[in-house]
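Working notes, beginning with the structure itself.
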Ligand code: SF4
Ligand code: SF4
Ligand code: FES
Ligand code: FES
């Protein structure tokens, strides 16, 4: 711990770590100094003058270096003028007065100046009710202004900085929190000030506007209603909102969120989610969220939601009772006992997956994870140690990212890795193409698709890079599935696990392997015993399949074909999908916003989420549906509540043995203090009162013997003339079930495009923007060509979940469509 | 043509003056370079500069916006930049500006019909004690005009018509 200094604030003696600003030290001591531009996560700039206080320091005798005494007390010298609490650091013996007459006068003056040109349209402002300026005006403002209101300048009130964030120019107080967040924290300086003085205004001229996946965070820390989201603006008044804790369901980072809800007429008198806000968890997402997590929750709403169980009758799906639907499914599964398969995805909670796995096990069926990525067995062995906090990694530590574009796949991990780089960590980025992390990397390794294993094996040879990794105090590897499917990731994960083991980077905090999974709870699925299979078509053929939380028919024509030739299909989901359409029985499930449960993040943190809105129609939680179905099949499972299922799960899954549902809800005080009444300090992010979660202990840390199977090299694919190696890649905003339904994200999702090196494109006589036909492995598709000079030749990169079914690298035929035009 | 191609030699010379890890500081001379031909920095040039210096276009635009010597819009032959900041305002700069525009039949930010003068309002030019004041930017460089009256300003404009300042 850093050195502590003792100082006096408003007559009270307090201690604070050396180097802290006076504003932060006061906050720590329970004294609120008003601030606008200061934010505990940003560098101090002292540009708003709201935090003016009186600061006195002990006088030292120049000759002796001893403090000068006066009446037996050290003599304190005050500066003749007020000072900013946000730029001055605490020092021994300092005396701070935050509420003296002089200080109050300064603070009042600053508010008065700010208001000379603020519209004060609080009654129609989204921030009204949780606005620092409003609060500080009430606390420190004078009742009357001495300025002429008629001369207030009026400016544009609806300036789209991009399609997601709107700026109200009149309300901006030029604190630069938004600009500094984008520059310092996000590393994407896409906001700036234009002009000077009274004409100063925020601009963004990137394409698309405000080009950052972290943009929503600026609306939380903007101390006025100048920045608002397209989703929430004019949506509700903050004081009408209820808050419930949740976990983001979009990616394996597991960001802690708060769902703000209210009952509204527009939704037919129902209680609905109005916005998703960050909830502080300094070890996971700090106080940030990515825009996907903030905006893509709308998939839980809408008329595509399934509300009633359905059973196929005379070729058509017809409404049925729960009893009838579960009975029908049970009869078919029992009749095809030997062919029973459960196919489930990491969109489900641990409780759901546990009941599904128990059912499969007891009924003699197979449990398959719907995923293109393997390696979860290894993250259980050598996953990051309990106590891991990327926020504490820095100088002397190393982070290797391989086959993953973290910015697109797990944005908050990207942010945290970037910040570790800022703190001096050695960041090694190994990818077959350029990614946004390269800019912050210490070393960038560019390999050809297919050379993942070789890239890891090269760490055994001596080089600057391997040295940096081996000798690092702590080291973490993130591996993903860029260009890889189940088999490729299985090979890659073993290689990574071996490397960590050999270099001694397992079994302790900030060391180990992290899978950049496709879905929020893939890690949980692995813990519970689900495994992906390399040949899913084969695994489904002629079976009786229970599909939960997955849309194989919509995703892949080959799987659609495979599912035509099955004995029976029951589908359980929250929305209508192409898969529910072909089902024999459909079970409507509750969305994560409507029920309780737990998820396990990629860092193996078990976290709880809570029901925030009432369930739609007759839908039930997945674990409960499975329990009902199981009962009809003669298997007894618990389905009464998530906590009951969790207790049984914790008892039977070894890694979770020590856990209780209550332990997951425990909290401790975190720094900085945010989310309390003084929204001016940390912003509108929520304080964590519902649980920080618990990180699991990997086998390597528990002292178990870690055996990693030998890595087998696969035979490389060899495209012929007129053919290319088609590789899958991931995109943040895609057409997946969990994004597609947010209309305002359409522009960010964009059209389906595939990337090629210009030389490759030239060989096929394809110009940039031209449409090409791709065919491989039963898939026919068209897409626009984009150039990427950073990928190898002979390769076409295809985004997953954008309408072209690609699960693993394949050889593809490519043909140019005659005329240039738009893709279908 | 991109700035880097068009002025390859100059760009290289400019970059050579800054250590590579601080190359973003070269934004100032590069902006002058970009502005040389048309008297303002167009969007394309801002993009080019951002790329050369590995910063964002918004950062470049923000610098153009901050300084009254960089421009992002085409103007007349002369820019007449009237300071309207507080000390000047106390000495009647606002009124001066109003009347000047009235006389020329244009609004602030506009250019006279003959394309000679564009009138702009700017922040402090560090001649507060000699207000009302403005600076002209034109083919012959930057000049300060202090203790100005409307009459003297109109005389100046006449002289500018004749090509003399
Ligand atoms: S938009 Fe908000 S955060 Fe940005 S400078 Fe203005 S007041 Fe500050
Ligand atoms: S980083 Fe992942 S978990 Fe966090 S908000 Fe974004 S999508 Fe959700
Ligand atoms: S100057 Fe201290 S908070 Fe802005
Ligand atoms: S205020 Fe006009 S020159 Fe300073």
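Of all residues in region A:578-605, those being assigned by TED's automatic domain parsing to the domain that holds residue A:316 and out of contact with any helix residue (DSSP H, G or I) (no Cβ under 8 Å at 6 or more places or on another chain) number 3. Taken together, A:69, A:50, A:79, A:138 contain a single residue that is out of contact with any helix residue (DSSP H, G or I) (no Cβ under 9 Å at 6 or more places or on another chain) and closer than 24 Å to residue A:674 by Cβ, which is A:138.
Scanning region A:66-79 for residues that are within 23 Å of residue A:24 (Cα to Cα) and more than 16 Å from ligand 3 (Cβ to nearest atom) turns up A:76, A:77, A:78.
Here the condition is being buried (at least 20 other Cβ atoms within 10 Å of the Cβ) and in contact with a helix residue (DSSP H, G or I) (Cβ under 8 Å, 6 or more places away or on another chain); of A:227, A:167, A:161, it holds for A:227 alone. Do we find a residue being modelled with pLDDT under 95, touching a helix residue (DSSP H, G or I) at 6+ places or on another chain (Cβ under 8 Å) and more than 16 Å from ligand 2 (Cβ to nearest atom) anywhere in region B:136-147? Among the residues of region B:136-147, at least one is modelled with pLDDT under 95, touching a helix residue (DSSP H, G or I) at 6+ places or on another chain (Cβ under 8 Å) and more than 16 Å from ligand 2 (Cβ to nearest atom), which makes the answer yes. Restricting attention to region A:405-436, which residues are over 16 Å from the mean Cα position of the chain (by Cα) and either modelled with pLDDT under 95 or closer than 22 Å to residue A:729 by Cβ (or both)? Scanning region A:405-436 gives A:427, A:428, A:429, A:430, A:431, A:432, A:433, A:434, A:435, A:436. Answer yes if at least one residue in region A:289-299 is within 16 Å of ligand 4 (Cβ to nearest atom), in contact with a helix residue (DSSP H, G or I) (Cβ under 8 Å, 6 or more places away or on another chain) and within 26 Å of residue A:169 (Cβ to Cβ), and no otherwise. Looking for residues that are within 16 Å of ligand 4 (Cβ to nearest atom), in contact with a helix residue (DSSP H, G or I) (Cβ under 8 Å, 6 or more places away or on another chain) and within 26 Å of residue A:169 (Cβ to Cβ), one finds none in region A:289-299, hence no. Taking region A:157-190 as the range and being in a loop (DSSP other than H, G, I, E, B), out of contact with any strand residue (DSSP E or B) (no Cβ under 6 Å at 6 or more places or on another chain) and within 14 Å of another protein chain (Cβ to nearest Cβ) as the test, the residues that pass are A:162, A:174, A:176, A:186, A:187, A:188, A:189, A:190. Counting only residues that are within 13 Å of ligand 1 (Cβ to nearest atom) and over 28 Å from the mean Cα position of the chain (by Cα), region A:158-171 holds 3 of them. Within region A:191-217, the set of residues being part of a helix (DSSP H, G or I) and either farther than 25 Å from residue A:287 by Cβ or facing chain B (nearest Cβ under 10 Å) (or both) comprises A:197, A:198, A:199. Selection of region A:198-230 for residues being away from ligand 3 (no atom under 16 Å from the Cβ), closer than 30 Å to residue B:83 by Cβ and in contact with a strand residue (DSSP E or B) (Cβ under 9 Å, 6 or more places away or on another chain) yields A:199, A:201, A:202, A:203, A:204, A:205.
Listed by position, the helices (runs of 4 or more DSSP H) contained in region A:520-619 that have at least 1 residues being farther than 30 Å from residue A:698 by Cβ are A:536-540, A:552-555, A:557-564, A:578-581.
The set of residues in region B:94-127 that are within 14 Å of another protein chain (Cβ to nearest Cβ) and in contact (Cβ under 8 Å) with a residue 40 or more places away in the chain comprises B:120, B:121, B:122, B:123, B:124, B:125.
Within region B:79-92, residues that are within 14 Å of chain A (Cβ to nearest Cβ) reach partners that are more than 6 Å from ligand 4 (Cβ to nearest atom) and part of a strand (DSSP E or B) with beta carbons closer than 6 Å, at six or more positions or on different chains, in the pairs B:81/B:120; B:81/B:122; B:81/B:134; B:81/B:135; B:82/B:121; B:82/B:134; B:83/B:122; B:84/B:121.
Which one is surrounded by the most Cβ atoms within 10 Å (Cβ to Cβ), of the residues in region B:7-24 that are more than 14 Å from every other protein chain (Cβ to nearest Cβ) and within 23 Å of the chain's Cα centre (by Cα)? Result: B:11.
Region A:387-498 holds helices (runs of 4 or more DSSP H) entirely within its bounds, and those carrying 2 or more residues that are in contact (Cβ under 8 Å) with a residue 24 or more places away in the chain and within 25 Å of residue A:717 (Cα to Cα) map to A:452-457. I need the full set of residues from region B:25-46 which are buried (at least 17 other Cβ atoms within 10 Å of the Cβ) and touching a helix residue (DSSP H, G or I) at 6+ places or on another chain (Cβ under 7 Å), in order please. Within region B:25-46, B:26, B:27, B:30, B:31, B:33, B:34, B:41, B:45, B:46 qualify. Of the residues making up region A:232-251, those that are more than 7 Å from ligand 2 (Cβ to nearest atom) and within 30 Å of residue A:384 (Cα to Cα) are A:244, A:245, A:246, A:247, A:249. Of the residues in region B:37-51, not one is within 12 Å of ligand 4 (Cβ to nearest atom) and either free of Cβ contacts under 8 Å to residues at least 40 places away in the same chain or at negative phi (or both).
Please determine whether any residue of region A:258-270 is modelled with pLDDT of 95 or more, near ligand 2 (Cβ under 8 Å from one of its atoms) and within 15 Å of residue A:690 (Cα to Cα). Scanning region A:258-270 turns up no residue that is modelled with pLDDT of 95 or more, near ligand 2 (Cβ under 8 Å from one of its atoms) and within 15 Å of residue A:690 (Cα to Cα). Just name the residue that is surrounded by the fewest Cβ atoms within 10 Å (Cβ to Cβ) out of those in region A:661-676 that are in contact (Cβ under 8 Å) with a residue 12 or more places away in the chain and out of contact with any helix residue (DSSP H, G or I) (no Cβ under 7 Å at 6 or more places or on another chain). Looking at residues that are in contact (Cβ under 8 Å) with a residue 12 or more places away in the chain and out of contact with any helix residue (DSSP H, G or I) (no Cβ under 7 Å at 6 or more places or on another chain), I get A:668.
Of all residues in region A:768-797, those satisfying the criterion of being touching a residue at least 60 places away in the same chain (Cβ under 8 Å) and under 19 Å from residue A:447 (Cβ atoms) are A:788, A:790, A:791, A:792, A:794, A:795, A:796, A:797.
Each row is one residue, and each column tells you yes or no for (1) in a loop (DSSP other than H, G, I, E, B); (2) modelled with pLDDT of 90 or more; (3) within 16 Å of ligand 4 (Cβ to nearest atom); (4) within 14 Å of chain B (Cβ to nearest Cβ).
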site: A:81; (1), (2), (3), (4): yes, yes, no, no
site: A:104; (1), (2), (3), (4): no, yes, no, no
site: A:109; (1), (2), (3), (4): no, yes, no, no
site: A:135; (1), (2), (3), (4): no, yes, no, no
site: A:145; (1), (2), (3), (4): yes, no, no, no
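Let's see how each residue does on (1) within 15 Å of residue A:21 (Cβ to Cβ); (2) within 11 Å of ligand 3 (Cβ to nearest atom); (3) touching a residue at least 60 places away in the same chain (Cβ under 8 Å); (4) not assigned by TED's automatic domain parsing to the domain that holds residue A:223:
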site: A:55; (1), (2), (3), (4): yes, no, no, yes
site: A:62; (1), (2), (3), (4): no, no, no, yes
site: A:95; (1), (2), (3), (4): no, no, yes, yes
site: A:134; (1), (2), (3), (4): no, no, no, yes
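The values are calculated or read from the model by the stated rules, or taken from the named source; none is laboratory data. What you see is a predicted model; the values in this text were computed from it and never measured. Positions of Cβ are generated from backbone atoms using ideal geometry, with glycine treated the same way; all protein chains shown enter the neighbour counts.
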